[in-house]
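The values are calculated or read from the model by the stated rules, or taken from the named source; none is laboratory data. This is a predicted model, so every value here is computed, not measured. Glycine gets a Cβ as well: all are built from the backbone with ideal geometry, and neighbour counts include every protein chain shown.
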Amino acid sequence: MISKIAVIGFGNIAKAIITPLFDKNLLNPKDVYCLVNTKKSLENIRKSYKYDINIFQSNSKGSEIIWDCKVKLLSVKPQQLKNIIELDNNNDNLLVSILAGVSLEKLIKRFPNHKCIRVVTNIPITIGKGLTGISWGDEITEDQKKLIRRLFENSSKIYEFPEDLLDIFLALTSSGPAIIALIIEALSDGGLSGGLQKKLSEELVMEMLLGTVNLIRETNLTTAELKNMVTSPGGTTISALRVLENRGLRSALIEAVVSASNRSKEFR
Ligand SMILES: NC(=O)c1ccc[n+]([C@@H]2O[C@H](COP(=O)([O-])OP(=O)(O)OC[C@H]3O[C@@H](n4cnc5c(N)ncnc54)[C@H](OP(=O)(O)O)[C@@H]3O)[C@@H](O)[C@H]2O)c1
């Protein structure tokens, strides 16, 4: 069982991380102290969240209690960070930030009385299929690492990186879903152009994507081998691939990932 934890910003991603821990009895809702910004969110969560957690509006009477927790999950939007004032002077407490693009250096400046950990996760975490990259700050003990891994392992697969690789991890895994959504949309439009109904076309594209990923995984084929398997001389597939090479799809995708990573570095 994980003991008392504070959640600063109980929005979509925080709920996706915390709720599976309640579902699996790994965390007691009574041990969770959450902070939100608005009265509206506070009331919504009280009314419709399926677990009875301790929840406070930021700066309200009694809300300082969240700073007593040894572990804090920081999950406000990056632009809201300036409003969070540290009220803790126990130097062994942990602050785990999931804020995109906010570096450990910035976190340590803002929360000098905490040991900081930077986490990057992605939107599929909301269905328990996230990818989470963790960069440990200084002086985090092995027991503390175990505890933090337990927070994320029920909703995502965990990868641990030095911080300078978190930008490219973010580019691939956090921007990736938007890139894939765009590809699904474009391929579906291709089906639509050929006379398929939009919904059917989209379903075919998604089933094809899932089948292809599973085939590569289950057979250990390389991507080049799979490509060769379905590309016959003078056939339809080489005709399609020729168009994509001509229009620079491969280079566009590489540059898209590099660009997202560079943008993430600019936020640091
Ligand atoms: N969305 C994604 O795809 C994604 C993926 C990975 C990581 N992230 C990261 O996850 C973080 C949270 O994103 P989200 O999508 O969960 O955002 P969200 O749903 O908007 O949640 C933000 C939460 O922070 C609260 N908050 C705002 N200002 C506060 C303050 N001064 N004190 C206390 N609480 C405050 C908000 O309360 P109110 O509702 O009252 O305003 C809300 O509960 C972001 O930093 C983002 O970079 C997002």
Query - Qualifying position, being touching a His at 6+ places or on another chain (Cβ under 7 Å) and either surrounded by fewer than 21 Cβ atoms within 10 Å (Cβ to Cβ) or not small (Gly, Ala, Ser) (or both), among Asn93, Asn83 - result: Asn93
Query raised in the report: In region 113-127, which residues are more than 15 Å from the chain's Cα centre (by Cα), surrounded by 18 or more Cβ atoms within 10 Å (Cβ to Cβ) and in a loop (DSSP other than H, G, I, E, B)?
Result: His114
Requested in this report: Answer yes if at least one residue in region 171-188 is crowded, with 20+ Cβ neighbours inside 10 Å and of a type in the set (A, V, I, L, M, F, W, C), and no otherwise.
Outcome: yes
**Report entry** Single condition Ile45 does not satisfy, out of (1) aliphatic (A, V, I, L, M); (2) in contact with a helix residue (DSSP H, G or I) (Cβ under 6 Å, 6 or more places away or on another chain); (3) over 26 Å from Pro112 (Cβ atoms)
**Finding:** (2)
Requested in this report: Return a yes/no flag: does region 9-30 have any residue that is more than 24 Å from the chain's Cα centre (by Cα) and in the same structural domain as Val102 (by TED's automatic domain parsing).
Outcome: yes
Report summary line: Exception for Gln57 within (1) within 13 Å of the ligand (Cβ to nearest atom); (2) touching a residue at least 24 places away in the same chain (Cβ under 8 Å) falls at (2)
**Report entry** Among the residues listed as Pro78, Pro20, the single one being within 7 Å of the ligand (Cβ to nearest atom) and not hydrophobic (A, V, I, L, M, F, W, C)
**Finding:** Pro78
**Report entry** When residues of region 193-237 are limited to those that are closer than 24 Å to Leu182 by Cα, hydrophobic (A, V, I, L, M, F, W, C) and over 28 Å from the mean Cα position of the chain (by Cα), the one surrounded by the most Cβ atoms within 10 Å (Cβ to Cβ)
**Finding:** Leu196
Report task. Scan region 77-105 and report the pairs whose first residue is without any contact (Cβ under 8 Å) to a residue 40 or more places away in the chain and whose second residue is surrounded by 11 or more Cβ atoms within 10 Å (Cβ to Cβ) and of a type in the set (Phe, Trp, Tyr), with Cβ atoms within less than 6 Å and a gap of 6+ or a chain change. Result -> Glu86/Phe111; Leu87/Trp67; Asp88/Trp67; Leu95/Phe111
